Amino acid sequence: MVSPVKKDSILVVDDAPDTLELLQRNLESRGYQVLTAPHVMEAIEILKTTAIDLVVTDLKMPGASGMDLIRHVRENFRDIEVMMITGYPTIETAVKAVKFGAEEYLSKPFTDTELFSAVEKVFEKVHGRRMTRPAWHRSQTSPYGLIGESEAMQNVFSAIAKAASTSATTLITGESGTGKELVARAIHYNSPRNSAPFVPVNCGAIPGELLESELFGHIKGAFTGATETRAGFFQTADGGTIFLDEISETSLSMQVKLLRVLQDKEVYMVGSTRPRKVDIRILASTNKDLVHLVKKGLFREDLFFRLNVITIEIPPLRERGKDIFLLTQYFATQFAEELGKPKLRFSENALSVLKNYHWPGNVRELENVVQRLVVMTEGDLIEVPDLPSLMRFSALQKTGLHRTLAEVEAEYIRNVLASVEGNKTRAAEILGIDRKTLREKLNKKLKVTPS
Ligand SMILES: Nc1ncnc2c1ncn2[C@@H]1O[C@H](COP(=O)(O)OP(=O)(O)OP(=O)(O)O)[C@@H](O)[C@H]1O
Ligand SMILES: [Mg+2]
C-alpha cells in the first residue's frame with residue numbers, strides 16, 4: 001500500500017486579486033495545496049491555525065508590508081520558508097528581504113517557469129532539512145522561539161502571555177544577552193498589535209542629540225540639515241509597538257519627553273509645537289538596576305513607575321539549570337545545519353564545565369561559544385580542552401572557604417591539566433612534581449578526571 005504523501009502547502013499573500021488567483025491556479029496545477037490572503041493581517045491569522053510550509057508574499061501592500069510578514073514568520077515559525085515577490089526590484093529590498101529571512105526573491109513580471117523553479121528550489125531545501133533535523137528540534141521549540149524548560153523560564157513564558165494580552169507598558173530586565181529583545185518581540189507578535197510594526201530603538205547606540213528627532217521626527221527647517229519633514233520611530237510604529245532598548249542610557253531631559261508621551265499618548269516633532277496623537281505600546285528594557293539609578297538621581301522616578309506597569313525579569317543563564325544543555329544542543333544543531341558540519345557531541349566533563357561556568361554574557365555568549373566550536377572543531381566530540389580556557393578556569397572555581405585541602409589540590413591539578421590541554425608532562429612540570437606522583441594523584445584519592 002502506498003502511504004499518502006502530505007502535500008506541501010503554500011500561503012500566497014498579495015493585495016491584487018488577479019495575481020492571487022493566477023498564483024493559486026498555477027501552483028495548484030503543480031500539486032501544491034494553496035491558500036491565499038489579500039493582506040498581511042489575514043495571512044497572520046491563517047498562520048495561527050494552519051500548517052504552512054512556504055509563504056509567498058508581495059512586498060508592497062497597503063498596511064503592513066511583505067517585509068513585516070517575513071519578520072513575523074521568522075520570529076514565530078522556524079520551519080516556514082518565505083519567498084518575496086516584488087514589482088519594484090532594488091538591490092536594497094532584495095538584500096533586506098534576504099537578511100530578514102526570505103529564502104528566495106522573485107521580481108515581477110516573472111514567467112510560470114521562473115515561479116515553479118523558485119518554489120521548487122525552496123522545497124528542495126525544506127525537504128533536505130527535514131531529513132536531517134532531529135525530532136527534538138521541533139518539539140522543544142517553544143511557541144515564542146525561546147528555548148527553555150526550567151521553572152525560571154516557565155515564569156517568563158507566562159509573563160509574556162500576560163503582557164501580550166494587554167497594551168500595558170512593560171519593563172523587561174535581565175543581564176546582557178539573556179534574551180530581552182527576543183522577549184520583547186514575543187510580546188509584540190503575540191499581541192493584538194502583531195500586524196502593525198515592531199520597532200526596536202537602541203537608546204544606547206543613538207547619540208543623545210539625535211535621539212529626539214529619531215524618536216519623534218522633525219519638521220523641515222527644525223535644525224541645520226533638516227531639509228525636509230521626517231517621521232520618527234513613534235510615527236513608524238503607530239498602531240504597533242516600540243521597544244526602547246537600554247532605556248537607562250537616555251538623558252534626564254529625554255526622560256521628561258518620554259514621560260510626556262506615556263502620559264498624553266502624543267508626540268511633538270522636533271521644531272513643531274503641535275502635538276500629534278500616536279497609538280503606541282511601549283516596551284522598555286534595561287540591564288541596569290533602575291531602582292539604584294533612581295536613588296542616585298540618574299533616572300527619573302516618575303518615568304520608572306510609568307514604565308514598570310508590568311515587569312518581566314529574565315533570569316541569568318547560570319540559574320536555568322538544564323536549559324544550558326537544551327540551548328547547547330539547539331545551537332549545535334542550528335550551526336551544524338547552517339555550516340553543513342556533523343552535529344557536535346559533548347563529553348560529560350565538557351557538559352559539566354558548561355553547567356558550572358558563570359556565563360556573564362548569558363545566552364549570547366553560549367551561542368557564540370557553540371558557533372566557534374562548530375566552526376573550529378575537526379571531529380564531532382567536544383571535550384574539556386576544546387572549550388575556551390577562560391571558561392574552563394572560572395567554571396572550576398568554587399568560592400567560599402568550605403573546601404578541604406584535597407579538594408583544593410584536586411581542583412588546582414584539574415585547572416593546570418586543562419590549561420595544558422591534558423598534557424601530563426607539562427602539568428607535572430608546572431606543579432613541580434614528577435609524572436609518577438601526578439599519575440598517582442590522578443589515579444587514587446583525588447578522583448581528578450584528566451580531560
Ligand atoms: N531562550 C532562548 N532561546 C533561544 N535563543 C535565545 C534565547 N535567549 C536568547 N537567545 C539568543 O541569544 C542572543 C541574545 O538575545 P537578545 O539579543 O534578545 O538578548 P538581550 O538581553 O537583548 O541582550 P543585550 O543586553 O546584550 O542587548 C540572540 O541571538 C537570541 O536569539
Ligand atoms: Mg538587547
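The values are calculated or read from the model by the stated rules, or taken from the named source; none is laboratory data. On a predicted model such as this, the values are computed, not experimentally measured, just so you know. Positions of Cβ are backbone-derived with ideal geometry, glycine not excepted, and every protein chain shown enters the neighbour counts. Surface areas here come from the heavy atoms of the whole protein model, side chains and all, with no ligands, DNA or RNA. Shrake-Rupley method; radii C 1.70, N 1.55, O 1.52, S 1.80 Å.
Annotations
- Every residue from the stretch 159-192 that is open to solvent by 30 Å² or more (accessible area, probe 1.4 Å), under 17 Å from the mean Cα position of the chain (by Cα) and more than 10 Å from ligand 1 (Cβ to nearest atom): Asn190
- Evaluating Val353 against the criteria (1) of a type outside the set (Asp, Glu); (2) touching a Lys or Arg at 6+ places or on another chain (Cβ under 9 Å); (3) within 25 Å of Ala164 (Cα to Cα) leaves one unmet condition, (3).
- Residue match in the stretch 305-316 (condition: of a type in the set (Phe, Trp, Tyr), out of contact with any Pro (no Cβ under 7 Å at 6 or more places or on another chain) and assigned by TED's automatic domain parsing to the domain that holds Val291): yes
- Residue in the stretch 233-244 that is over 22 Å from Ser65 (Cβ atoms), touching a helix residue (DSSP H, G or I) at 6+ places or on another chain (Cβ under 7 Å) and modelled with pLDDT of 90 or more present: no
- Residue match in the stretch 380-402 (condition: open to solvent by less than 70 Å² (accessible area, probe 1.4 Å), modelled with pLDDT of 85 or more, touching a Phe, Trp or Tyr at 6+ places or on another chain (Cβ under 7 Å) and charged (D, E, K, R)): no
- Test result for Phe346, in contact (Cβ under 8 Å) with a residue 12 or more places away in the chain, away from ligand 1 (no atom under 16 Å from the Cβ) and surrounded by 16 or more Cβ atoms within 10 Å (Cβ to Cβ): yes
- Qualifying residue in the stretch 13-36 (condition: over 30 Å from Gln235 (Cβ atoms), open to solvent by 20 Å² or more (accessible area, probe 1.4 Å) and at pLDDT below 85): no
- Per the listing Asp279, Asp264, Asp289, Asp302, the residue uniquely within 16 Å of ligand 1 (Cβ to nearest atom), surrounded by fewer than 20 Cβ atoms within 10 Å (Cβ to Cβ) and in the same structural domain as Glu214 (by TED's automatic domain parsing) is Asp289.
- Scanning the stretch 263-309 for residues that are among the basic types (Lys, Arg) and either within 23 Å of Asn362 (Cβ to Cβ) or touching a Gly at 6+ places or on another chain (Cβ under 9 Å) (or both) yields Arg276, Arg281, Lys288.
- Tally, over the stretch 30-74, of residues that are in a loop (DSSP other than H, G, I, E, B), among the charged types (D, E, K, R) and touching a residue at least 60 places away in the same chain (Cβ under 8 Å): 2
- Residue list for the stretch 241-293, restricted to those being within 16 Å of ligand 2 (Cβ to nearest atom), without any contact (Cβ under 8 Å) to a residue 60 or more places away in the chain and among the small types (Gly, Ala, Ser): Ser248
- Pairs where the first residue, in the stretch 294-314, is touching a residue at least 60 places away in the same chain (Cβ under 8 Å) and the second is among the hydroxyl-bearing types (Ser, Thr, Tyr), C-beta under 6 Å, 6+ apart: Leu307/Thr169; Val309/Thr169; Ile310/Thr170; Glu313/Thr173; Ile314/Thr178
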